[in-house]
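K.L.:
First, the structure itself, so that you have it in front of you.
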Number of protein chains: 2
Amino acid sequence: MRITADEKQATRLRILAAAGDLFRQHSFETATTRDIARAAGIAAGTLFNYFPSKEAIVAGLAEDAWGKAHARFQKLSGTGDLNETLFALIAAELRELKPLRKFVAPLLDTVLSPLASASAHHGADDIRREHLELVAALIRDHGIHELPPVSMQLYWTLYTGVLAFWAGDNSPKQEDTLALLDQSLAMFVQWLRSGSVP
Amino acid sequence: MRITADEKQATRLRILAAAGDLFRQHSFETATTRDIARAAGIAAGTLFNYFPSKEAIVAGLAEDAWGKAHARFQKLSGTGDLNETLFALIAAELRELKPLRKFVAPLLDTVLSPLASASAHHGADDIRREHLELVAALIRDHGIHELPPVSMQLYWTLYTGVLAFWAGDNSPKQEDTLALLDQSLAMFVQWLRSGSVP
DNA sequence: CCTAGAATGTGAGCGTGCTCATAAAGAGGT
DNA sequence: ACCTCTTTATGAGCACGCTCACATTCTAGG
């Protein structure tokens, strides 16, 4: 049984589409892997030839969204101050992630504290690395070259905190999240500057 | 079948002790609820008359530790500045939580983003409320009365971030965690002051 | 064509956390 | 003593995520 790369890619996309639909209609917990497999037209076990775990399916959906957001951000990357630039980046991410808002929580538990778990989670780790490299580059571009050692850990904590809040934010247009994001970045950038000047 | 409150309390403590031992010997995931029940001398189902979920057992262990830490903190609550006071509080907590360090991670996933889930998790929610009230009181005691609206959300994000780091910190005496805690509090307090002065 | 071998699909089955109908065991009234 | 009623303990059983021995399907070499 040999199958073309096209067919494999098609199956992968069918799984992602089916999973997205079911996660939206039900929830991450109530949509079972058996349901997803049936909706994608494959056997229950086959699902795990494509994704090593249920969470990895969400990571697959999320990776797409993050990729799109970064592509879009690179294009209109203006020349505001650091605050505004970071805000624009994360706002772009939230925009792309919006369809996944209700079921990204499982990912946060996985992506969150991975200071010890180097490459435990496959797709999720890439998301983290890519985002952090992008942010580090932006910080450098704005003239801050000597970061306090724990800077990026602190940044990541604040970033995931905003995402966690956003996932449960029921204010009209998730405007409460934007307020929290604004304050988080203000605090972080102020601290960055005060730490690198002396 | 009626049982004295003493017997119930004794069973509860036997469960907590057995669970603590097994979580330490194995891990949160590999120690099964059946194992815990057998070690406590009860049937598998009886366990769930005492704790609504496996995570709730960890919450029970943790609640004890947090309580002890707060009691100890109240006694030697000196009159340092806000930074030092918060550092002392959290350091006291970490000291008491140390035996649980390897398996508190499941709690963080539960306690972490609970901005939406009002009272979803029983013991865990109490831990959060108690800690936040204590911190809010300390902030007030140090002359800061008008908190920016998202202050406590930001604080909680930083606090759980430190705990998550600590849970996976393999540096000699978890000294890396203390460095992160120091910086986190410095950033937070600096931001608090700059926000409440104007 | 045929056949050997490799890659992928399949679903029965495992161990898990947790539930629920039922059994067992007191406390209180007569 | 006896019966009733309430509370707790029990373990068979459920649905889940995931695994693995096997079936199935295609390619390649003759």
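The values are calculated or read from the model by the stated rules, or taken from the named source; none is laboratory data. Please read these numbers as outputs of a predicted model, since none were measured by experiment. Every residue, glycine among them, receives a Cβ derived from its backbone with ideal geometry; neighbour counts consider all protein chains shown.
K.L.:
Testing residue A:160 on (1) surrounded by 22 or more Cβ atoms within 10 Å (Cβ to Cβ); (2) of a type outside the set (A, V, I, L, M); (3) not in a helix (DSSP H, G or I), one condition comes back false. Which one is that?
P.N.:
(3)
K.L.:
With the checklist (1) in a helix (DSSP H, G or I); (2) modelled with pLDDT under 90 in hand, flag the one item residue A:120 doesn't pass.
P.N.:
(1)
K.L.:
Can you work out which of the residues in segment A:143-187 that are more than 21 Å from residue A:104 (Cβ to Cβ) and touching a residue at least 60 places away in the same chain (Cβ under 8 Å) is nearest to the other protein chains (Cβ to nearest Cβ)?
P.N.:
Filtering first and then ranking leaves A:186.
K.L.:
Here is a further query. Of the residues A:80, A:41, which is more than 16 Å from DNA strand C (Cβ to nearest atom), farther than 21 Å from residue A:157 by Cα and either charged (D, E, K, R) or away from chain B (no Cβ under 14 Å) (or both)?
P.N.:
A:80
K.L.:
Within segment A:26-45, how many residues turn out to be within 20 Å of residue A:12 (Cα to Cα), loosely packed, with under 15 Cβ neighbours inside 10 Å and free of Cβ contacts under 8 Å to residues at least 24 places away in the same chain?
P.N.:
Residues flagged as within 20 Å of residue A:12 (Cα to Cα), loosely packed, with under 15 Cβ neighbours inside 10 Å and free of Cβ contacts under 8 Å to residues at least 24 places away in the same chain within segment A:26-45 amount to 5.
K.L.:
Residue A:23 - would you say it is within 14 Å of chain B (Cβ to nearest Cβ), within 12 Å of DNA strand D (Cβ to nearest atom) and buried (at least 17 other Cβ atoms within 10 Å of the Cβ)?
P.N.:
no
K.L.:
Among (1) within 13 Å of chain A (Cβ to nearest Cβ); (2) assigned to a helix (DSSP H, G or I); (3) free of Cβ contacts under 8 Å to residues at least 24 places away in the same chain, which single condition is residue B:140 missing?
P.N.:
Status for residue B:140: all satisfied but (1).
K.L.:
Which condition breaks for residue B:135 when tested against (1) within 14 Å of another protein chain (Cβ to nearest Cβ); (2) modelled with pLDDT of 95 or more?
P.N.:
If we test residue B:135 against (1) within 14 Å of another protein chain (Cβ to nearest Cβ); (2) modelled with pLDDT of 95 or more, just (1) comes out false.
So that you can scan it fast, the table gives a plain yes or no per residue for (1) in a helix (DSSP H, G or I); (2) within 14 Å of chain A (Cβ to nearest Cβ); (3) modelled with pLDDT of 95 or more:
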| residue | (1), (2), (3) |
| --- | --- |
| B:90 | yes, no, yes |
| B:99 | yes, no, yes |
| B:106 | yes, yes, no |
| B:113 | no, yes, no |
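K.L.:
Of everything in segment B:56-79 that's of a type in the set (Val, Ile, Thr) and part of a helix (DSSP H, G or I), which residue is nearest to residue B:94 (Cα to Cα)?
P.N.:
Filtering first and then ranking leaves B:58.
K.L.:
So, one more: So, of the residues in segment A:48-63 that are among the charged types (D, E, K, R) and away from chain B (no Cβ under 14 Å), which turns out to be farthest from DNA strand D (Cβ to nearest atom)?
P.N.:
Among residues in segment A:48-63 that are among the charged types (D, E, K, R) and away from chain B (no Cβ under 14 Å), the one farthest from DNA strand D (Cβ to nearest atom) is A:63.
K.L.:
Do you know which of the residues in segment A:19-38 that are aliphatic (A, V, I, L, M) and more than 14 Å from residue A:103 (Cα to Cα) is nearest to DNA strand C (Cβ to nearest atom)?
P.N.:
A:37
K.L.:
Looking at residue A:14, is it outside any loop (DSSP other than H, G, I, E, B) and near DNA strand D (Cβ under 10 Å from one of its atoms)?
P.N.:
When the stated conditions are applied, residue A:14 does not pass them.
K.L.:
Is it true that residue A:79 is polar (S, T, N, Q), modelled with pLDDT of 95 or more and surrounded by fewer than 19 Cβ atoms within 10 Å (Cβ to Cβ)?
P.N.:
no
K.L.:
Out of curiosity, is residue B:72 surrounded by 14 or more Cβ atoms within 10 Å (Cβ to Cβ), within 14 Å of chain A (Cβ to nearest Cβ), away from DNA strand C (no atom under 15 Å from the Cβ) and of a type in the set (Lys, Arg)?
P.N.:
No, not satisfied.
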